[in-house]
Every structure is written in C-alpha cells, then in structure tokens.
Amino acid sequence: MDSDVTTIGIFAAARSLLRSSVRTLWCNKPLLVFPALAVVLAFVAFALVVAPGLVAAVGTHSGTPALIGALGGEYAALCAVVFCNVALVSCAGSVMAGEPVSVAAGLRCATRRLPLIFGWAAALAIVHLVLRILERQGWIGRWLRRVLGALWSFATFFVVPVIVYENPPLRRVVAASLEVMRRSWGASSGTAVRLLWVVVLLVGAPVFGLLVLLDQLAVQTTTDSIVTAAMLTTAVAAVIGSSLDQVARTALYAYATDDRVAEGFDRSALHSAIYGRRRARLSA
C-alpha cells in the first residue's frame, strides 16, 4: 500500500467520488441505458407477476393469491434490478480500465451470470421479507430490523462487483464481499451510502417541499398531478443514485482488491474512503 498517499476527510472523499461517478456516467452514455432499463424491466416484471395474483384474489375473495403475487412480483423486480446492476458494473469496470464499452457487452456479462443473479435476488427477497416482519414486532423488532439491516448492508456492500469479477458460488457471495470489506476495514460502506442519499435528497427534497407548500395552499386540483410527478421524479432519482452508487463501488472494489485507481477517479479519495485516515497513518 502506498505510504505517500494524501488522505482527506470522508465527506470530501464522498464528494470526490460523487463527482467522478457522475462524470463517468455522463461521459459514457451507454452506461445510462442500464438505470433506464432497470426501471422498465422491474416495473414490467412486477406487473406481470402481480396481475395473476390480483385476478385470483378477486375471483376467490381471498388475500392469499394477492400476497403470493406481491412476493413473486418483488422477486421478479429484484431479478431485473440485479441483472441491470451487474451489466452496469461490468461496463463501468471496462470504462475505468480504459477499454471500449458497449451495452451489448454488459448484457452478455449479466446473461452469463443469470443463475447467480436469480439466486442472489432470491436471497435479497427473503432478507427483505424477514426485515419487514421484524418491523411489525414492536420496538424490539424495529431495533433488530435496524441492526440486522445495517449488518446486511455492510456484509453485501461489494456483492455486485464480486458477482461480475469473481463469479463465486451463491453460498460464497456474501463471504467474498465480506473478505473485501475485511481487507479495507469497511470504511467505504458509509461513503457509497452517502453518495446515494446525496443524489436522492438533492433531487427529491425540493420536489416534496413544493408538495407540502401546495398542500398548505390547498391547491388540490394541481396537487394530485404533482404528487404523481414527484413520485416518478423521486423514483428516477433513486435509480440514478443507485447507478452512481454502483459506479463508485466498482472503483472502490478495484482499489481495495488490486490497489488500482480507476480512470477518472482520485487516488486520495479512494484511499481515504476505503482505509480512512487512521489506516493511512498506520500504513505510512
């Protein structure tokens, strides 16, 4: 590890990574296809799976088919999102290595990982279900949900890059991500989460502020349409934020595993985000 790397604060590192991630997406337009494709595929997959359950629920006057359909729809949507994230990380890695990038190459990589993607989406769906159940079990359940959710986020931080570059068996996916986190002391997890929420808040907060103002003014005729627009805007912002997050994780993964600075990223920001100032002093 370089001992002469200049370290910066974690928030400064987050800002640098955000700028580099935005520049990577903007200067490589094929990468923008994947967040848009994720929205469309997730919506279509969810609708196709949920619709039969809703029809069956109406016909049988039972909520069970609708519940099964909702769970199946969530799984289908997760498959679509993970598929597009894998394709995005594959292409982002090519960009960062100075190699040519194409949407077709990203889709081919994701297609080769389909069994692992389906398995990982199933694991995500199960974990999400367990966390939702805990959320309904009083304050102890809510506390457990927060603790377990944080641990899960930490353990799975590098899962998508691991799927792309290591392609391990499903049972080894989380362990491989944890191994990268262990080597990097886990400091990077906070940075990428901040990247996601900076984008969501910058885009979504002003929209919701406008909604509150309109609601106070009782402008009901326009509020309904603006509510819909705000929901769509926030959803798009979340998808773009997730894409920026995956680009940043790809750069962090390359630095954590190979000490390689991705093209367009700053070594000081990567080093500080992954190892932090304390680790940098120890390695000096």
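At-a-glance table
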| quantity | calculated |
| --- | --- |
| Fewest-first sequence of TYR255, TYR165 by Cβ atoms within 10 Å of each Cβ | TYR165, TYR255 |
| Per-residue ³J(HN,Hα) for the stretch 104-119, Karplus 6.51 cos²θ - 1.76 cosθ + 1.60, θ = phi - 60°, Hz, x for Gly and Pro | 4, 5, x, 5, 5, 4, 5, 5, 5, 9, 3, x, 5, 5, 4, x |
| Gain on full stretching of the segment that runs from ARG142 to ASP258 - 0.36 nm per residue minus C-alpha separation | 37.9 nm |
| Efficiency of FRET from Cβ geometry, ARG23 and ARG108, R₀ 25 Å, rounded to 0.05 | 0.45 |
| Calculated from backbone phi, Karplus (6.51, -1.76, 1.60) coupling profile of the stretch 240-248 in Hz, x at Gly/Pro | 5, x, 5, 5, 4, 4, 5, 4, 5 |
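Bear in mind that the values in this text are calculations on the coordinates, not laboratory data. None of these values were measured; they are calculated from a predicted model. A quick note on method: Cβ atoms are made from the backbone with ideal geometry, for glycine too, and the neighbour counts reach across all protein chains shown.
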